[in-house]
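Colleague: Take a look at the following structure, please.
The values are calculated or read from the model by the stated rules, or taken from the named source; none is laboratory data. The shown structure was predicted, so the numbers you read here are calculated from the model rather than taken from an experiment. Cβ placement follows ideal geometry from the backbone for every residue including glycine, while neighbour counts extend to all protein chains displayed.
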Amino acid sequence: MEDYNKDPNASSDKLIKEKEKLVEIQRAAKKIVHDLKNHVTNIDLSVKQLEEEVDLKDLKSYLDIIKRNNDKIHKQIDELLHTTNYL
């Protein structure tokens, strides 16, 4: 464990660098979340369109699987976004 009492400037500099790293991590995470949300939304819209246009039962079951998993991804993305707001 470092003794920050020896050089207060060193501890201040280290804290500033750590905060800068966290800000960069937060920025990167938010960008990733935004990009993922766009892709998931495109999948969701495509599934809805296919549901309206397709009558095959077998295909509908696959669309249901895609929708369920897409919903799970949406929830995970929202949790990640919520977490990045606290970094």
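Colleague: Scan segment 14-34 and report the pairs whose first residue is in contact (Cβ under 8 Å) with a residue 12 or more places away in the chain and closer than 29 Å to HIS74 by Cβ and whose second residue is among the polar types (S, T, N, Q) and surrounded by 12 or more Cβ atoms within 10 Å (Cβ to Cβ), with Cβ atoms within less than 7 Å and a gap of 6+ or a chain change.
Modeller: Hits for this filter: GLN26/THR84; ALA29/THR84; LYS30/THR84; VAL33/THR84.
Colleague: Picking from LEU36, LEU22, LEU45, which residue would you name as being farther than 18 Å from LEU80 by Cα, out of contact with any Pro (no Cβ under 6 Å at 6 or more places or on another chain) and among the hydrophobic types (A, V, I, L, M, F, W, C)?
Modeller: Numbers: LEU36 fails: farther than 18 Å from LEU80 by Cα; LEU22 fails: farther than 18 Å from LEU80 by Cα.
Exactly one of LEU36, LEU22, LEU45 is farther than 18 Å from LEU80 by Cα, out of contact with any Pro (no Cβ under 6 Å at 6 or more places or on another chain) and among the hydrophobic types (A, V, I, L, M, F, W, C), namely LEU45.
Colleague: Might you let me know whether segment 58-79 holds any residue that is free of Cβ contacts under 8 Å to residues at least 40 places away in the same chain, among the hydrophobic types (A, V, I, L, M, F, W, C) and within 30 Å of LEU22 (Cα to Cα)? Talk me through it step by step, then tell me what you get.
Modeller: Here is the first cut: in segment 58-79, the residues free of Cβ contacts under 8 Å to residues at least 40 places away in the same chain are 58-76, 78-79.
The next check asks that each one be among the hydrophobic types (A, V, I, L, M, F, W, C); those that pass are 59, 63, 65-66, 73.
This time we only want the ones that are within 30 Å of LEU22 (Cα to Cα), so: 73.
There is at least one residue in segment 58-79 that is free of Cβ contacts under 8 Å to residues at least 40 places away in the same chain, among the hydrophobic types (A, V, I, L, M, F, W, C) and within 30 Å of LEU22 (Cα to Cα).
Colleague: Exactly one of (1) over 28 Å from the mean Cα position of the chain (by Cα); (2) modelled with pLDDT of 90 or more; (3) among the β-branched types (Val, Ile, Thr) is unmet by ILE16. Its number?
Modeller: For ILE16, the failing item is (1).
Colleague: For segment 71-87, enumerate the residues that are at pLDDT 85 or above and either of a type in the set (Val, Ile, Thr) or farther than 24 Å from GLN26 by Cα (or both).
Modeller: Once the filter is applied, which keeps residues that are at pLDDT 85 or above and either of a type in the set (Val, Ile, Thr) or farther than 24 Å from GLN26 by Cα (or both), segment 71-87 yields ILE73, ILE77.
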